[in-house]
1. Multiplying the sequence separation of Ala10 and Gln263 by 0.36 nm and subtracting their Cα-Cα distance, what value in nm do you get?
2. Once you've got the GNM for the chain with C-alpha springs shorter than 10 Å, pick whichever of Pro156, Pro48, Pro117 has the biggest mean-square fluctuation.
3. Would you mind getting the accessible area per residue of region 43-104, heavy atoms of the protein chains only, 1.4 Å probe, in Å²?
4. Would you kindly state how much longer the chain becomes between Ala147 and Asp74 on full extension, computed as 0.36 nm times their sequence separation minus their alpha carbon distance, in nm to one decimal?
5. Can you send over the carbon and sulfur percentage of the accessible area for region 12-137, probe radius 1.4 Å, protein chains only?
6. Pick from Phe232, Phe29, Phe40: which residue has the top mean-square fluctuation in a GNM of the chain where Cα pairs under 10 Å get a spring?
7. Below 8 Å, C-alpha to C-alpha, sequence gap of six or more: please give me the relative contact order for the chain in percent.
8. In the chain, with Lys and Arg counted as +1 and Asp and Glu as -1 at Cβ, which of these residues, Ala212, Gln122, Leu56, has the Cα nearest the positive end of the dipole, that is, farthest along it?
Amino acid sequence: MNELLSRTRAGSGEPLLLLHGMGSSRRDFAAVVPLLTGRFDVLDVDLPGVGRSPALEERPTVAATADAVERTLDDEGIGSVHVLGNSLGARVALELARRGRARSVVAVAPSGLNVPPERVVQGSGMALARVVMRTGAPLVGPLSRSALGRAALLAPLKARPWSTSPEEAVGAREGFADSRDFWRTLLWGLLLDVPRGLDRIDCPVTLVQGVADWIASGQTVRYLPLTPGSRFVPLVWAGHAPQSDRPRTIVRLVEETAAQAAQPADSSALRYEQRNRAPDIASVKRTSQAGSAAAKAV
């Protein structure tokens, strides 16, 4: 079946797609949506099995999830799109870029490049969060009404959980407790996913990770030498989902990365050349070193 994803759409300008992480819903972007709609036509979706989005009949791999996102874009009459993604959503954003569907990507703590021991730790943490959140689901509503309650609910994801909105706390319940395909998504979308074809990405990519992010550990920067033309930006005082920790900084990074997509054709030609040249070990090292030198804390 060609299920379409539940979404909201607001604003005007170039199209911008928001893709949340596993364990949340589209509500997790509540802090940045009002800041983005003045510049972009913002499409905020619930990934398969979350909110009102139907679960996938096939295995919920990153590729299958990206297929569902593309069907939704087609239904909205949107071709290529700027993308802001977090965690699993950031991984899907990079898959859309690999397919040529993205104009630019801001990928916050993308999953996919953690090594097996890290996957065990991450999978165990996600499984525990699912059990705890389902057990305490009736308490999420009351807890979301106070800053202290939201801090208790969102501390693993945010560096400043007390500053989040009630909507974000409800999003955590939707992503963990209410998700209708949590275990299969955990297995196929996170634990067994291995990114391929990243060298074919030819749009601007900004890789972002909060320095207080213990979930993604150091895997975000591993995308840097594998993704042509990408840059890495660490965020101080930010966690795994820094949309509400540093909303204005996230918006600025989206605007900067989108602006890079409008650069002259010679830069596009350079990216095309990089995409079609198989990188040898030396070139990968040079790219990594150059990216590391350019990285700066915001």
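The values are calculated or read from the model by the stated rules, or taken from the named source; none is laboratory data. All of these numbers come straight from a predicted model, not from anything done at the bench. Counting neighbours? That spans all protein chains shown, and the Cβs are built from the backbone with ideal geometry, glycine included. Each accessible area value is taken on the protein alone, full model and side chains, heavy atoms only, with ligands, DNA and RNA left out. Shrake-Rupley method; radii C 1.70, N 1.55, O 1.52, S 1.80 Å.
1. Numbers: separation 253, 0.36 × 253 = 91.08 nm, distance 2.62 nm.
Extending this stretch completely gives an extra 88.5 nm.
2. The residue that fluctuates most here is Pro117.
3. Values: 1770 Å² over 62 residues.
About 29 Å² of surface per residue is accessible.
4. On the way: separation 73, 0.36 × 73 = 26.28 nm, distance 3.93 nm.
Extending this stretch completely gives an extra 22.3 nm.
5. Details: 2200 of 4070 Å².
Using a 1.4 Å probe with all protein chains present, region 12-137 comes out at 54 percent carbon and sulfur.
6. Checking each option, the largest mean-square fluctuation is seen for Phe40.
7. Numbers: 632 pairs, mean separation 62.1, N = 298.
This gives 21 percent for the chain.
8. Ala212
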